[in-house]
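Engineer: Just passing along the structure, written as structure tokens.
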Amino acid sequence: MTKDSMLIAGNWKMNGLSAALAELQAIAAGLPAACAQADIAALVCLPASLLSRGAEAVRNSRLALGGQDCHFADSGAHTGDIAAPMLKDAGASYVIVGHSERRADHCETDELIHRKAEAAWRAGLVAVLCVGETLEQREQGAALEIVGRQCEAAIPAGAAADRLVIAYEPVWAIGTGKVPTRDNVAEMHNFIRQKLHRRFGEMGEKIRLLYGGSVKPDNAAALLSVPHVHGALIGGASLNHKDFLAIIAAAATLP
């Protein structure tokens with residue numbers, strides 16, 4: 001997998017009112033220049049309240065849109081939830097499942113995330129499935145064990161590169177400004193790649209692995225150049241079009 005096949009994904013989380021659509025349009029407008037000649041895919045995962053309007057705002061651009069979560073059922077009596085087919089209908093082509101904030105705030109288990117990924121696939125969405133350890137788990141030397149267990153339990157059978165992306169997010173680095181060393185990232189991404197290869201064979205080599213955790217314009221190139229890193233899942237920096245486009249431009253400069 002080459003670096004010019006990277007996916008740079010933004011996660012707006014619980015941010016964004018109607019006025020924020022101008023930032024989304026600025027991202028879409030700036031993509032051709034930021035990507036230069038590189039074949040980089042760009043994605044923004046919006047709050048559900050903005051998704052349909054966002055899809056209209058960036059129609060005919062190269063910017064893909066996604067949801068931030070979905071229910072495991074395709075429809076039904078689940079007040080306040082959103083189904084994967086609804087996201088698809090609103091203009092999404094991706095959906096995040098298993099983000100650490102969902103795991104923490106809503107006690108989501110790997111088994112539930114497994115079912116959500118399957119729901120995403122049924123709807124024709126690419127699942128961006130998140131794995132990662134807390135600071136306590138890393139300090140106890142259990143980081144690989146935790147992430148390995150998450151990969152085994154949360155990733156459904158039949159995973160393929162055209163419908164699954166794995167995002168490694170060290171929970172202790174999200175929104176804190178703390179960033180793992182290149183060696184930390186390389187070790188974990190190599191570990192995940194080996195897990196995927198053992199389980200899915202040649203297809204496991206093609207599934208994109210994103211790094212997520214305090215990615216900013218000034219550290220993007222260093223993080224994205226780590227072996228087995230094929231993109232980034234970006235939080236705060238994706239809310240500002242200049243920062244997000246700068247990260248994409250950094251990816252485009254890599255060999």
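The values are calculated or read from the model by the stated rules, or taken from the named source; none is laboratory data. Since the model is a prediction, treat every value here as computed from it, not as a measurement. Glycine gets a Cβ as well: all are built from the backbone with ideal geometry, and neighbour counts include every protein chain shown.
Engineer: Looking for something surrounded by fewer than 18 Cβ atoms within 10 Å (Cβ to Cβ) and closer than 14 Å to GLY213 by Cα - is there at least one such residue anywhere in the range 129-146?
Structural biologist: The answer is yes, given that some residue of the range 129-146 is surrounded by fewer than 18 Cβ atoms within 10 Å (Cβ to Cβ) and closer than 14 Å to GLY213 by Cα.
Engineer: Can you confirm whether ARG103 is of a type in the set (Lys, Arg), modelled with pLDDT under 95 and farther than 26 Å from GLY54 by Cα?
Structural biologist: no
Engineer: A further question on this structure: State yes or no: is GLU108 surrounded by 17 or more Cβ atoms within 10 Å (Cβ to Cβ) and among the acidic types (Asp, Glu)? Can you show your working first?
Structural biologist: Working: surrounded by 17 or more Cβ atoms within 10 Å (Cβ to Cβ): yes; among the acidic types (Asp, Glu): yes.
Yes: the conditions hold for GLU108.
Engineer: Quick check on the range 101-111. Is at least one of its residues small (Gly, Ala, Ser) and assigned to a loop (DSSP other than H, G, I, E, B)?
Structural biologist: Filtering the range 101-111 down to residues small (Gly, Ala, Ser) leaves 104.
Filter again for assigned to a loop (DSSP other than H, G, I, E, B), leaving none.
Among the residues of the range 101-111, not one is small (Gly, Ala, Ser) and assigned to a loop (DSSP other than H, G, I, E, B), which makes the answer no.
Engineer: If you don't mind, there's one more thing I want to ask. Kindly check whether there is at least one residue in the range 74-81 that is out of contact with any helix residue (DSSP H, G or I) (no Cβ under 6 Å at 6 or more places or on another chain) and either in contact (Cβ under 8 Å) with a residue 60 or more places away in the chain or surrounded by 21 or more Cβ atoms within 10 Å (Cβ to Cβ) (or both).
Structural biologist: Within the range 74-81, not a single residue is out of contact with any helix residue (DSSP H, G or I) (no Cβ under 6 Å at 6 or more places or on another chain) and either in contact (Cβ under 8 Å) with a residue 60 or more places away in the chain or surrounded by 21 or more Cβ atoms within 10 Å (Cβ to Cβ) (or both).
Engineer: Looking at the range 24-74 only, could you name the residues that are of a type in the set (D, E, K, R) and either in contact with a Pro (Cβ under 9 Å, 6 or more places away or on another chain) or under 17 Å from GLY236 (Cα atoms) (or both)?
Structural biologist: Result: ARG62, ASP74.
Engineer: Okay, moving on. Kindly provide the set of residues from the range 22-56 that are more than 21 Å from ILE96 (Cα to Cα) and of a type in the set (A, V, I, L, M, F, W, C), ordered by number.
Structural biologist: ALA22, ALA26, ALA29, LEU31, ALA33, ALA34, CYS35, ALA36, ALA38
Engineer: Against the definition (at pLDDT below 95, β-branched (Val, Ile, Thr) and more than 22 Å from ASN15 (Cβ to Cβ)), how does THR253 come out, yes or no?
Structural biologist: yes
Engineer: Please go through the range 226-246 and give me each residue that is of a type outside the set (A, V, I, L, M, F, W, C), within 18 Å of PRO170 (Cβ to Cβ) and without any contact (Cβ under 8 Å) to a residue 60 or more places away in the chain, ordered by number.
Structural biologist: Of everything in the range 226-246, those that are of a type outside the set (A, V, I, L, M, F, W, C), within 18 Å of PRO170 (Cβ to Cβ) and without any contact (Cβ under 8 Å) to a residue 60 or more places away in the chain turn out to be PRO227, HIS228.
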